[in-house]
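Report on the following structure.
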Amino acid sequence: MEEMHRYTDEAEALSRAIVAYARGRIASPQPLDGSATGEDLTRRAGETVTPEGIGGEEALRVWTEVLAPATISTDHPSSMAFVPGAPTKASVLFDLVVGASSTIAAGWIDGAGAIWAENQALRWLADLAGFPAGAGGVFVSGGSAGNLSALVAARATAAARLGGRPGTGWKIAVTESVHSSVATAARVIDVGVIEVPGDERGRLTGEALGERLDGLGPEEAASVFAVVASAGATNAGTVDDLASVAEVCADREIWFHVDGAYGGAGLAAPSVRDRFRGIERADSFIVDPHKWLFAPYDCCALVYREPTRAHGVFRQEAGYLDTVNQPEAEWSEWNPADYAYHLSRRARGLPLWFSLATYGTEAYRDAIEQVLALTRETAEEIRTRDELELVMDPELSVVLFRRRGWGDADYEAWWRRLLEAQIAFVQPTTWKGEKLARLCFVNPRTTIDHVRAVLGTMS
Ligand SMILES: Cc1ncc(COP(=O)(O)O)c(C=O)c1O
């Protein structure tokens, strides 16, 4: 049996092979790659989990030859579906360090250095949003976990204020363009969802929110403990009217959460910063660095205006954690486990921190602006093509457009054709009941030529 925990000659050979693979993946332009059926993968990969093991060399061969080609590289410049990723070289390299370091960044007692660095990155985000000095939070796995945790903290805050659960049960208020993870979070924590009509682009406004809340009976209105606004909404990249929503929430003592999982990166871009006006009044917000802040998966920054509000609900009490939870002790300076539903956690904010430290925040500003400029150029390009029609001017980096004369089946065939030909990975979407083409940009390496290659397949 090969020894698993000793640095043997085999381990040395494997470490060279793995580092060489990772280096190749980081250094060279990667193929877009595709998908495969489970049956096909089983046939080609064979049995990989066996009593004796197949050996690292063989497992790496299976990954390289069979599995990796069946896994799309979301950082390919022609990956424009859903919300892609585009991690910087430094962030990916440092992710290797995080993996090699066996850091448990749950509590300060054994994770101080890593947590300090994560908090530096969180502070940058809090400053971009205009949050006060006392703000803070934690990196969780993704926007879904971030939204869920913020809502749990919001509900606990309302319960403390009202002295318990209202007879009608708890409610949150959102508009149609809010991300699907918010409805799922509401189901998970058993709260109702009050839908507020959006404006012509599906955006939440303070006026519509106020009217909807005024239309509720007093008991139901008191049961609304949180409003979730989008900045920006995933489907169309629109940003809700955060300033007017903040006003309504403040008047009624409702927790104001901003979901900036996709669009929050725009806070760093002067050309769109104004769209986020009002975020400084939120009680919490999230941004996913694994989307448009150039970090590897999985990484969501969850920031609270008053982090202590999250303590009461998330802190885990146990005999073996007594030391960790001692208030005021130097070893409990900041325990990330207290700010979301988790205990053990990867120091997943470190790749972002390392990358920020390496390149500086101005490089981030410029890279985000570059993506915004490409988005505007794409909108112009669509306007010049008779067969295409722009649905709306992009607010951030999502472009929605229709191909005149196409039905649902044409859009379906289109994305399959593009992936098959390795031209691009794109997806149609449904907007106000109509199937449309949608491109989402986050990668500064995507150029107008990549976009033209896609648009050219629609003529
Ligand atoms: C606005 C928004 N919120 C939440 C999420 C969920 O984030 P995650 O996939 O990281 O859980 C997404 C994902 O695209 C999103 O765009």
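The values are calculated or read from the model by the stated rules, or taken from the named source; none is laboratory data. Bear in mind that the values here come from a model prediction, so they are computed numbers and not experimental data. No Cβ is skipped: glycine too gets one built from the backbone with ideal geometry, and neighbour counts run over all protein chains shown. For the accessible areas, the whole protein counts, side chains as well, though only heavy atoms, and no ligand, DNA or RNA atoms are used. Shrake-Rupley method; radii C 1.70, N 1.55, O 1.52, S 1.80 Å.
Summary of values
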quantity: Failed condition for ARG376, given (1) of a type outside the set (Ser, Thr, Tyr); (2) open to solvent by 20 Å² or more (accessible area, probe 1.4 Å); (3) touching a strand residue (DSSP E or B) at 6+ places or on another chain (Cβ under 8 Å); calculated: (3)
quantity: Any hit, segment 88-97, residues being in contact with a Lys or Arg (Cβ under 8 Å, 6 or more places away or on another chain) and within 21 Å of LYS291 (Cβ to Cβ); calculated: no
quantity: Pairs with Cβ under 9 Å, 6+ apart, first in segment 350-372 and without any contact (Cβ under 8 Å) to a residue 12 or more places away in the chain, second outside any helix (DSSP H, G or I) and not hydrophobic (A, V, I, L, M, F, W, C); calculated: ALA363/THR88; ASP366/PRO444
quantity: Condition met for THR384 (under 20 Å from GLY85 (Cβ atoms) and hydroxyl-bearing (Ser, Thr, Tyr)); calculated: no
quantity: Long-range neighbours under 7 Å by Cβ, at least six apart or interchain, first residue within 22 Å of THR8 (Cα to Cα) and part of a helix (DSSP H, G or I) within segment 37-62, second open to solvent by 70 Å² or more (accessible area, probe 1.4 Å) and of a type outside the set (D, E, K, R); calculated: LEU60/ILE18; LEU60/TYR21
quantity: Condition met for VAL140 (closer than 27 Å to ILE26 by Cβ, in contact (Cβ under 8 Å) with a residue 40 or more places away in the chain and within 19 Å of the chain's Cα centre (by Cα)); calculated: yes
quantity: Segments classed as helices (runs of 4 or more DSSP H), wholly inside segment 224-335, with at least 3 members that are buried (at least 24 other Cβ atoms within 10 Å of the Cβ); calculated: 242-252, 289-292
quantity: Pairs, first farther than 22 Å from PRO394 by Cα in segment 271-300, second open to solvent by 60 Å² or more (accessible area, probe 1.4 Å) and in a loop (DSSP other than H, G, I, E, B), C-beta under 9 Å, six or more apart; calculated: ASP283/GLU306; ASP298/ARG346
quantity: Pairs where the first residue, in segment 392-420, is touching a residue at least 12 places away in the same chain (Cβ under 8 Å) and within 25 Å of VAL442 (Cα to Cα) and the second is among the charged types (D, E, K, R) and in a helix (DSSP H, G or I), C-beta under 8 Å, 6+ apart; calculated: PRO394/ARG376; GLU395/ARG275; LEU396/ARG275; ARG403/ASP410
quantity: Residue match in segment 116-127 (condition: more than 30 Å from LEU242 (Cβ to Cβ) and exposed (fewer than 13 other Cβ atoms within 10 Å of the Cβ)); calculated: no
quantity: Segment 254-265, subset of a type outside the set (A, V, I, L, M) and within 12 Å of the ligand (Cβ to nearest atom), residue farthest from PRO87 (Cα to Cα); calculated: HIS257
quantity: Members of segment 158-177 that are crowded, with 19+ Cβ neighbours inside 10 Å and either at pLDDT below 95 or within 11 Å of the ligand (Cβ to nearest atom) (or both); calculated: SER177
quantity: Residue list for segment 277-323, filter: more than 16 Å from the ligand (Cβ to nearest atom) and at positive phi; calculated: GLY278
quantity: Top-ranked residue of segment 401-427 - restricted to ones that are assigned to a loop (DSSP other than H, G, I, E, B) and more than 24 Å from HIS76 (Cβ to Cβ), ranked as least open to solvent (accessible area, probe 1.4 Å); calculated: GLY407
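Per-residue answers, yes or no, for (1) more than 21 Å from ARG309 (Cα to Cα); (2) without any contact (Cβ under 8 Å) to a residue 12 or more places away in the chain; (3) more than 15 Å from the ligand (Cβ to nearest atom):
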{"site": "SER149", "(1), (2), (3)": "no, no, no"}
{"site": "ALA156", "(1), (2), (3)": "no, no, yes"}
{"site": "HIS179", "(1), (2), (3)": "yes, no, no"}
{"site": "GLU195", "(1), (2), (3)": "yes, no, yes"}
{"site": "GLU200", "(1), (2), (3)": "yes, yes, yes"}
{"site": "GLY217", "(1), (2), (3)": "yes, yes, yes"}
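Quick grid of which residues meet (1) farther than 25 Å from GLY143 by Cβ; (2) in contact with a strand residue (DSSP E or B) (Cβ under 6 Å, 6 or more places away or on another chain); (3) not in a helix (DSSP H, G or I):
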| position | (1), (2), (3) |
| --- | --- |
| HIS5 | yes, no, yes |
| GLU12 | yes, no, no |
| GLY24 | yes, no, no |
| PRO29 | yes, no, yes |
| SER91 | no, no, no |
